[in-house]
Amino acid sequence: MKLFSVKQLFLILIVIFCGSATGSQLSNPYQGKIVVRQGQEESTLKILALQQVFVKVSGNKEVNHLPGSKLSLKDINAMLAQFSYYKGKKHTYFIANFDEQKINRVLSSLQQPIWGKTRPTTLIWLIKTDQSGRLLVSDSYLQRRADSTLSETIQQEQLARGIPLQFPLMDLEDNLAISLSDVSGRFYNILARASTRYQVANIVSADLRQINATQWQLSWQLFSTSKNKVLLSSVKKGEKAEVIQQMLDAISDYYARQYAILENTDEKFYQRIYIKGINSLTRLTKMHQLLSDMPSISSYQILSVKHNLVSLKVKIKGGLQSFANAFAIQPHLRPMPAESKPFYFDWH
């Protein structure tokens, strides 16, 4: 059996891996997923799905109030690639996939940014306090719908804004690593260590307390483990669903400001980047997928491969800061600050 070096593999695959950045994703912002209500017509479901996609892709919750967005509803069938129905445990869903390029063109015509595939997963450490006691909300707690309002609100907000959220398992490892007082006291060194197993860049420390039969108070902070600082914080009072939605909307808006690209063809430029540790076909493939899924990259070219160090020429759109923000949250890339070259990363 003939063995190939990493450099030879690059030469074999260079035709595939150089060019415009396109790729697959686990969570598709160009897919609308709508709960089917009794009596709703299919035409209405298509409109709701398209409006959901406009919000997810633009990052702007108010985009559907723009006059131009209403005009685009006339072309909904031209933008719709396919649709289907899915029956879940509690709801039936209408699922519609829309053409990415056509959606992007409509949003660009509305002067809206494009928030594509760069969507960091956020780990939420949430304490819930009510008459029955105090607990850390786990993934299984939400899955079994122990609090239906909480589970439903979180699920719907993920669908509406397209942000991936994760809750701790609260298994033996988590229970040994963290306590209620660590979360409520916002001891971020402890929280960051406990969150390492989940491989996320940002975590939320949140405290949800019942005030009376209808009112709740939610105090929360969004913390960056890589930057070691608080990014957002808020305290709100209201109904349970309302305060949870306000928190997730604020987090979504923050990510949209960081990663959405307002494309301007006059502002595209090139940046040299370096990735060390690409020593197998598997890593090469993953590197291609990572670069392909970043909306801030228009195209890229492999310039050289030497001692597992890959040098690339990347064409950027939307500005250098958005490009840097997108790289900062990639779990496989670790910045190499000791190196003199900018955008120098170690793959791990």
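Quick look at the values:
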quantity	calculated
Residue in the stretch 205-220 that is within 28 Å of Asp293 (Cα to Cα) and at pLDDT 95 or above present	no
Criterion violated by Asn212 - all others in (1) without any contact (Cβ under 8 Å) to a residue 12 or more places away in the chain; (2) more than 19 Å from Lys128 (Cβ to Cβ) satisfied	(2)
Some residue of the stretch 218-225 being over 21 Å from the mean Cα position of the chain (by Cα), outside the structural domain of Asn325 (by TED's automatic domain parsing), outside any loop (DSSP other than H, G, I, E, B) and over 23 Å from Pro113 (Cα atoms)	yes
Ser298 being hydroxyl-bearing (Ser, Thr, Tyr), in the same structural domain as Asn202 (by TED's automatic domain parsing) and either under 19 Å from Pro342 (Cβ atoms) or in contact (Cβ under 8 Å) with a residue 40 or more places away in the chain (or both)	no
In the stretch 115-162, the residues that are of a type in the set (A, V, I, L, M), free of Cβ contacts under 8 Å to residues at least 40 places away in the same chain and touching a helix residue (DSSP H, G or I) at 6+ places or on another chain (Cβ under 6 Å)	Leu142
Complete set of residues in the stretch 74-102 that are in contact with a helix residue (DSSP H, G or I) (Cβ under 6 Å, 6 or more places away or on another chain) and not basic (Lys, Arg)	Ile76, Met79, Phe94, Ala96, Phe98, Asp99
Checking Ala213 against (1) loosely packed, with under 14 Cβ neighbours inside 10 Å; (2) more than 23 Å from Leu142 (Cβ to Cβ), the condition it does not meet	(2)
Positions within the stretch 34-55 being assigned to a loop (DSSP other than H, G, I, E, B) and charged (D, E, K, R), in sequence order	Arg37, Glu41
In the stretch 56-78, the residues that are under 23 Å from the mean Cα position of the chain (by Cα) and assigned to a helix (DSSP H, G or I)	Lys56, Val57, Ser58, Val63, Asn64
Residue in the stretch 6-26 that is among the charged types (D, E, K, R) and at pLDDT 85 or above present	no
Test: residue in the stretch 184-203 that is out of contact with any Pro (no Cβ under 9 Å at 6 or more places or on another chain), closer than 30 Å to Ile34 by Cα and crowded, with 16+ Cβ neighbours inside 10 Å	yes
Residues that are under 23 Å from Ser226 (Cα atoms) and among the polar types (S, T, N, Q), drawn from the stretch 301-334	Gln321, Ser322, Asn325, Gln330
Tally of residues being assigned to a strand (DSSP E or B) and either of a type outside the set (Phe, Trp, Tyr) or touching a His at 6+ places or on another chain (Cβ under 6 Å) (or both) across the stretch 194-217	10
Listing of helices (runs of 4 or more DSSP H) fully contained in the stretch 133-177 that carry 3 or more residues being charged (D, E, K, R) and in the same structural domain as Ala241 (by TED's automatic domain parsing)	148-161
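The values are calculated or read from the model by the stated rules, or taken from the named source; none is laboratory data. Just so it is clear, the structure is predicted and the values come from calculations on it, not from any experiment. Don't worry about glycine lacking a Cβ; one is built from the backbone with ideal geometry, like all the others, and counts go over all protein chains shown.
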